[in-house]
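Asks: A single structure is presented below for examination.
The values are calculated or read from the model by the stated rules, or taken from the named source; none is laboratory data. Quantities reported herein were computed from a predicted structural model and do not represent experimental measurements. Cβ placement follows ideal geometry from the backbone for every residue including glycine, while neighbour counts extend to all protein chains displayed. Ligands, DNA and RNA are excluded from the accessible area calculation, which covers all protein heavy atoms including side chains. Shrake-Rupley method; radii C 1.70, N 1.55, O 1.52, S 1.80 Å.
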Amino acid sequence: MTSPDTTIPTTKEQRNKRRPEMASQWQLMWWKFKKHYLAMVGVIALSVLVFLAVFAGIISPDVPKARNNAYLSGPPMGIHFLDAQGDFHLRPFVYARTTKRDPVTLRKIAVVDTDTHWPIEFFVRGGSYKFWGLFKTDIHLFGASGGFIHLFGTDSLGRDVFARTLYATRVSLSIGLVGVTLAFVIGAMMGGIAGYFGGVADNVIMRLIEFIRSIPTLPLWLALSAALPRDWSSFQVYLAITLILALVGWTHLARTVRSKLLALREEDFTLAAKLSGCSNSRIILRHLLPSFMSYMIVDVTIAFPEILLAETSLSFLGLGLREPVESWGVLLFAAQNVRTLAHTPWLLIPGLFVVIAVLAFNFIGDGARDAADPYSK
Amino acid sequence: MSVLLEISDIKVHFPVGKTGFFGRPAGYVRAVDGVSFTIEAGETLGLVGESGSGKTTLGRAILRAIEPTSGTIRFHKDGQDIDVTSLNNKQLRAMWRDMQMIFQDPYSSLNPRMTVRDVIGEPLLANKVAKGEELKQRVKQIATQCGLDVEHLSRYPHAFSGGQRQRIAIARALILHPEFIVCDEAVSALDVSIQAQILNLLKELQIDLSLTFLFIAHDLAAVAYVCDRVEVMYLGTIVEIAPTEGLYYTPRHPYTEALMSAIPEADPTKEMTPYLLTGERPSPANPPDGCRFNTRCRYATDLCRTDVPLLTPIASNHFVACHHAEILSLQGAMDHEEVALI
């Protein structure tokens, strides 16, 4: 065909030319979203976090459970290009560490040995891990030859905080993802029933939502997670915690779905679809769902940090995930008392990740909300 | 001409207010309250009346887009006599292939998330009439007939102006070749110049596809332009039905007279003397006794306040629901020579 709307763009210039009259709602939303500067920052920050989580095994210099007895509660090790004499080294290095006892407190302390360099090498062999649970490998992106490297320091057992944080990112983000997906499904179903059928079903579901929302969330999580058997495996606890978070978190989504359905049900195009001979399911799936999908995405991005924070708070209080699972909350659990904080403040670094992730999601949610209705004038 | 639709004693009552949590409704809004008329095949029947008189509700009730509370609708098609009010959902969906609707607001009647091709082709898909290449061809054909550029079919509705959108809506309503179309204020949301285009399009399509229209409007000039007969609604009831000329020149109901006197003149120097109705329109939840118009009628007598006037013939094809129709001499819309200009 040769009509202008059906020609296939051949040059890069043609491909890049915007055709708003032919743009679907997702394209229009993306164009609007891209204009939101903070949201794009959020997208980048989140992409980095997801990248770190996905490739946690290869990026971390060692497995998170490995203990380095030579460097207990060691502070973060900086990467240097210039040595103590001011000479430049093309290959970055860390200074060697030796342990000695503090003559006064008798605590083991690590001393920086600026004379010895441990150069950083890439794709070194270290502790073996299963790459995405598929195959065993022991390749790590980087490592220090002749010694060890702990970018974020170590905890009291000598475990690498950097590696643990990356693995925790994986667990925490996946809990958020699974929890939000579950909440999304429950919320869409309950909201859909309430909005489409109305009447008694609507009344019952709305009162249930109000009841759930009236309960203070923290005690509710605590009660539910305290009910988990102590002898459950960490994976079972992980699943149970996501389920608990989803069971409490679906209410907001259900409300959005219901209100959108109620509004859309009255739109002329819904009646037009009915008169066109569409069945109820076709009306919902083809005509209504695409219209409020964008609003649900906004709600999901806002629900995400809630669930993330909920998991972190629960684990921090010792009632969520527990060792040996790494999650941001579990890592922060170790940084609870003042003494650890005073001596090993780097244990708080996972908290920084929580802040970045929550902020990123909020920024994205903000941008998504602005872009959600590309047809608004 | 043969009768296409027979509407008898249609009522649409909406429950309002609740006495308790699961309680019974406190009352009913009688949006349409016992309306009977017939629509002949191939004609355009106008339906006029002020806002809230139940025009749209009646139009939708005829298609059963709103369930009528009581009454019957009979649809005569190819010798068949179908009782629309007794159809089940599946039969109703099949019925809608013959009865369609064009909406007032072309901005809310088109799903902004579907391309024009999908919007127009949706009835074909939903009724499993055509798909793939055949669907594309049929969409193209009807779009051309409705004055749309086939090269624009891949676009989304947001790229179109109101008039073009209304053309898309008309194409969607026509793609299954229905017999009967309810035009629910189909031009009132458009600019006057565009209105004329759409009205002409509807007229052309009516001849080409032998359509029957129920033309709901409050613009009396537009109604005069397209309609063969006009019925006037007030507060859920029909007060007058007549051929367009008869209704405009020689209205027989005081409410019609008031409507006619309110038609704006195209001549700005001409002085307008509309006969203004006084008082509020009574609530359809609590209509007055007797003639529903008695609270605002300048000719009302005691009889009007107690007895409900019935729709009775007063001239050929001219029906009116007024106790005093025989004795009143009412003012028409305009002089004959002015009408000739339209």
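Asks: Could you run the Karplus curve 6.51 cos²θ - 1.76 cosθ + 1.60 with θ = phi - 60° over segment A:351-362 and give me ³J(HN,Hα) per residue in whole Hz, x for Gly and Pro?
Replies: Per residue, the Karplus-derived 3J(HN,Hα) values read x, 4, 5, 4, 4, 4, 5, 5, 4, 4, 5, 5 Hz.
Asks: Cβ neighbours within 10 Å, averaged per peptide: list A:273-282, B:270-279 in order, most packed at the top.
Replies: Going by the mean number of other Cβ atoms within 10 Å, highest first, we get A:273-282, B:270-279.
Asks: A further question follows. What are the trypsin sites (Lys or Arg not before Pro) within segment A:86-171 that DSSP puts in a loop, where the Cβ has at most 15 other Cβ atoms within 10 Å?
Replies: Taking segment A:86-171 and a limit of 15 other Cβ atoms within 10 Å, the loop trypsin sites (Lys or Arg not before Pro) found are A:107.
Asks: Also, quick follow-up: Nearest 10 degrees is fine. How inclined is helix A:161-197 to the longest principal axis of chain A, computing both from alpha carbons?
Replies: Rounded to the nearest ten degrees, it is 10.
Asks: I've got another one for you. At a 10 angstrom cut-off on C-beta neighbours, averaged per residue, how do the peptides A:24-33, A:308-317 rank from highest to lowest? It would help to have the intermediate numbers written out before the result.
Replies: Values: A:24-33: 17.1, A:308-317: 22.9.
Packing proxy ranking, top to bottom: A:308-317, A:24-33.
Asks: Taking 2.2 N^0.38 Å as the expected size of a compact globular protein, what ratio does the Cα radius of gyration of chain A give against it, to two decimals?
Replies: 1.25
Asks: Okay, next question. Over the whole of B:116-128, what's the average partner chain Cβ count within 10 Å per residue? Rounded to a whole number, please.
Replies: Per residue, the number of nearby Cβ atoms from other chains is 3 on average.
Asks: Tell me what chain A gives for mean residue ellipticity at 222 nm when only DSSP H runs of n ≥ 4 count, each as -39,500 (n - 2.57), the sum divided by the residue total, rounded to 500 deg cm²/dmol.
Replies: -17500 deg cm²/dmol
Asks: Follow-up question, since we're still on this one. Could you give me the percent of Cα pairs per 20 Å distance bin for the protein assembly as shown, shortest bin first, beginning at zero and ending with the bin that holds the maximum distance?
Replies: Binned Cα distances yield the sequence 14, 33, 26, 16, 9, 2, 0.
Asks: Out of all DSSP beta bridges with both ends in the protein assembly as shown, state the antiparallel percent to the nearest 5.
Replies: 75 percent
Asks: With every protein chain in place, what's the accessible area of residue A:233 (1.4 Å probe, Å², nearest 10)?
Replies: 50 Å²
Asks: Grab the DSSP H runs of chain B that are 4 residues or longer, score each as -39,500 (n - 2.57), total them, divide by all residues and round the 222 nm result to the nearest 500 deg cm²/dmol.
Replies: -8500 deg cm²/dmol
Asks: By what distance, in whole Å, do the Cα atoms of segment A:164-371 stretch along each of the three principal axes, largest value first?
Replies: 71, 35, 27
Asks: So what J values fall out for segment A:77-83 if you push phi through Karplus, 6.51 cos²θ - 1.76 cosθ + 1.60 with θ = phi - 60°, rounded to Hz, Gly and Pro as x?
Replies: 9, x, 8, 10, 10, 9, 8
Asks: How long are the semi-axes of the ellipsoid equivalent to segment A:295-337, from square roots of 5 times the Cα gyration tensor eigenvalues, in whole Å, largest first?
Replies: Values: eigenvalues 128, 16, 10 Å².
For segment A:295-337, the semi-axes come out at 25, 9, 7 Å.
Asks: Only sites in a loop by DSSP and with at most 10 other Cβ atoms within 10 Å count here; which GluC sites (Glu not before Pro) in segment A:237-308 make the cut?
Replies: Working: sites: A:266, A:267, A:306; in loops: A:266, A:267.
Sites meeting the loop and neighbour criteria: A:266.
Asks: While we're here: Just to be sure I understand: if you take the accessible area of chain B alone plus chain A alone and subtract the pair, with a 1.4 Å probe, what total do you get in Å², rounded to 100?
Replies: Heavy-atom accessible area buried at this interface is about 3000 Å².
Asks: Let me ask something else. Let me check I've understood the local charge: for residue B:246, count other residues with C-beta under 10 angstrom from its C-beta, Lys and Arg +1, Asp and Glu -1. What total comes out?
Replies: That works out to 0.
Asks: Between segment A:162-208 and segment B:199-258, how many Å separate their Cα centres?
Replies: So the separation of the two Cα centres works out to 54 Å.
Asks: What average count of beta carbons from other chains do you get within 10 Å of the Cβ of residues in B:106-112? Please report the intermediate quantities before stating the final value.
Replies: Details: counts 1, 3, 7, 6, 3, 12, 8.
Counting other chains' Cβ atoms within 10 Å and averaging over B:106-112 gives 6.
Asks: Rounded to whole Hz and in sequence order, give me ³J(HN,Hα) for segment A:324-335 from the Karplus expression 6.51 cos²θ - 1.76 cosθ + 1.60, θ = phi - 60°, writing x for Gly and Pro.
Replies: Karplus values, whole Hz, x for Gly and Pro: x, 6, 9, 9, 4, x, 5, 5, 6, 4, 6, 9.
Asks: Pull up the cross-link candidates among the lysines for residue A:108, meaning alpha carbon to alpha carbon under 30 Å and not fewer than 8 places away within one chain.
Replies: Partners within reach: A:65, A:100.
Asks: Rank these by accessible area, largest first, 1.4 Å probe: B:193, B:8.
Replies: Output order, biggest surface exposure first: B:193, B:8.
Asks: Using a 1.4 angstrom probe on the protein heavy atoms only, line up A:221, A:232 by accessible area, largest first.
Replies: Sorted descending by solvent-accessible area, the residues read A:232, A:221.
Asks: Considering only Cα-Cα distances, which of the following residue pairs are longer than 29 Å: A:34/A:274; A:274/B:203; A:32/B:140? Write down the numbers at each step before the final one.
Replies: Details: A:34/A:274 36 Å; A:274/B:203 26 Å; A:32/B:140 32 Å.
With Cα atoms farther than 29 Å apart: A:34/A:274; A:32/B:140.
Asks: Another one. Using only atoms on other chains, find how many Cβ atoms lie within 10 Å of each Cβ of peptide A:259-272 and report the average.
Replies: Working: counts 0, 0, 0, 0, 0, 1, 0, 1, 4, 12, 15, 3, 8, 15.
Partner Cβ neighbours, averaged per residue: 4.
Asks: Beta carbons within 10 angstrom, averaged per residue: use that to sort the peptides B:295-306, A:139-150, highest first.
Replies: Going from most to least packed, we get A:139-150, B:295-306.
Asks: Now for a different question. For chain B, what is Rg from Cα atoms divided by 2.2 N^0.38 Å, rounded to two decimals? Don't jump to the answer; show the numbers that get you there.
Replies: On the way: Rg = 21.1 Å, N = 342, 2.2 N^0.38 = 20.2 Å.
Against the empirical 2.2 N^0.38 Å value, I get 1.04 for chain B.
Asks: Here's another thing I want to ask about it. May I ask you to give the percent of accessible area on the protein assembly as shown that is carbon plus sulfur, with a probe radius of 1.4 Å?
Replies: On the way: 20190 of 34430 Å².
That fraction is 59 percent.
Asks: Could you work out how far helix A:251-265 tilts from the main Cα principal axis of chain A, as a 0 to 90 degree angle to the nearest 10?
Replies: 30 degrees
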